[in-house]
1. Look at region 46-85 and say how many of its residues are of a type in the set (D, E, K, R) and over 40 Å from the mean Cα position of the chain (by Cα).
2. Hey, does region 113-131 have a residue that's exposed (fewer than 13 other Cβ atoms within 10 Å of the Cβ), modelled with pLDDT of 90 or more and either touching a His at 6+ places or on another chain (Cβ under 8 Å) or within 21 Å of Y36 (Cα to Cα) (or both)?
3. Any chance you could count how many residues in region 32-45 are more than 35 Å from the chain's Cα centre (by Cα) and either among the basic types (K, R) or assigned to a loop (DSSP other than H, G, I, E, B) (or both)?
4. What are the residues in region 112-121 that are assigned to a helix (DSSP H, G or I) and either at positive phi or free of Cβ contacts under 8 Å to residues at least 40 places away in the same chain (or both), if any?
5. From F99, F41, F68, grab the single residue that is within 28 Å of E13 (Cβ to Cβ), in contact (Cβ under 8 Å) with a residue 60 or more places away in the chain and in contact with a Gly (Cβ under 7 Å, 6 or more places away or on another chain).
6. Kindly indicate the residue of region 83-108 that is in a helix (DSSP H, G or I) and out of contact with any strand residue (DSSP E or B) (no Cβ under 9 Å at 6 or more places or on another chain) and also farthest from R29 (Cα to Cα) among those meeting that condition.
7. Against the condition without any contact (Cβ under 8 Å) to a residue 40 or more places away in the chain, in contact with a helix residue (DSSP H, G or I) (Cβ under 8 Å, 6 or more places away or on another chain) and either among the aromatic types (F, W, Y) or under 23 Å from H123 (Cα atoms) (or both), how does F49 come out, does it pass?
8. Across region 33-56, which residue is nearest to E82 (Cα to Cα) among those that are polar (S, T, N, Q) and in contact with an Asp or Glu (Cβ under 8 Å, 6 or more places away or on another chain)?
Amino acid sequence: MRFNSADFKTFSEQPGDHEGRLTYKPPPRTLYDSAYKERWFKLKSNFLFYYRLNEFGGVEKNEPSGVFVLENIEINREETTELPFGFAITWKDEPDKKFQFFTHNENSLYPWISKLEYASYQHLKTQLSMLRMKILRKSGKDPLEGTPLPKQAQNEFSSSVLAKSSFHRQISSAPNSPSTSSKIPTNVAAYSTPQVRRAAPLPPPRKHTKKKEQSQGNGWKLKK
């Protein structure tokens, strides 16, 4: 995409969400077109700007040479023998046109893929619908009342409501379990802990005493 819009140029000059140097290969125009180009790429929102580099490796000018609109796209891993750390972007309405991008190492490859996948407006719209559904399920109120829900979100919410109402019907139709109060006897005294009667203490054993008894004989007779 080529442009000369002043507003778009101002937007491109703002700090990017992610940027860096990439080796870029557009779809070949002819059978012999296989040139790789090194460009500076800046991701801003769902726009991927690219800039030409001068002979010293710096950005040639502030105005971008072109821009990709990251909507309705697919991103896949791409690698070649010479350039193993790459990915490809294709547009779903033009699947035969593949744009290839290569980084210098694996550490910079996956941040690029992640940032590009989350940059599209469709992804943000899906995230908003998911957050909206969570709030609706928990509170029962739509935070964006008046704004129509996507069809997929409506189907998910309807299924959730039906499952919840079916669960409550099953609970309400279940036989009532006996209450705890019905098991408590009315005559509490009859079920109280019986009192243990203590036996009277036994008397202490009698001690054997020696008594003197006068015998009819000559002396004294001991009686136990």
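The values are calculated or read from the model by the stated rules, or taken from the named source; none is laboratory data. For clarity, every value in this text was computed on a predicted model and none was experimentally measured. Backbone-built Cβ (ideal geometry, glycine too); neighbour counts: all protein chains shown.
1. 5
2. no
3. 7
4. Within region 112-121, I113, S114 meet the criteria.
5. F41
6. Residues of region 83-108 in a helix (DSSP H, G or I): 106-108.
Then drop every residue that is not out of contact with any strand residue (DSSP E or B) (no Cβ under 9 Å at 6 or more places or on another chain), which leaves 106-107.
Values: E106: 29, N107: 31 Å.
Within region 83-108, the match that is farthest from R29 (Cα to Cα) is N107.
7. Yes, satisfied.
8. N54
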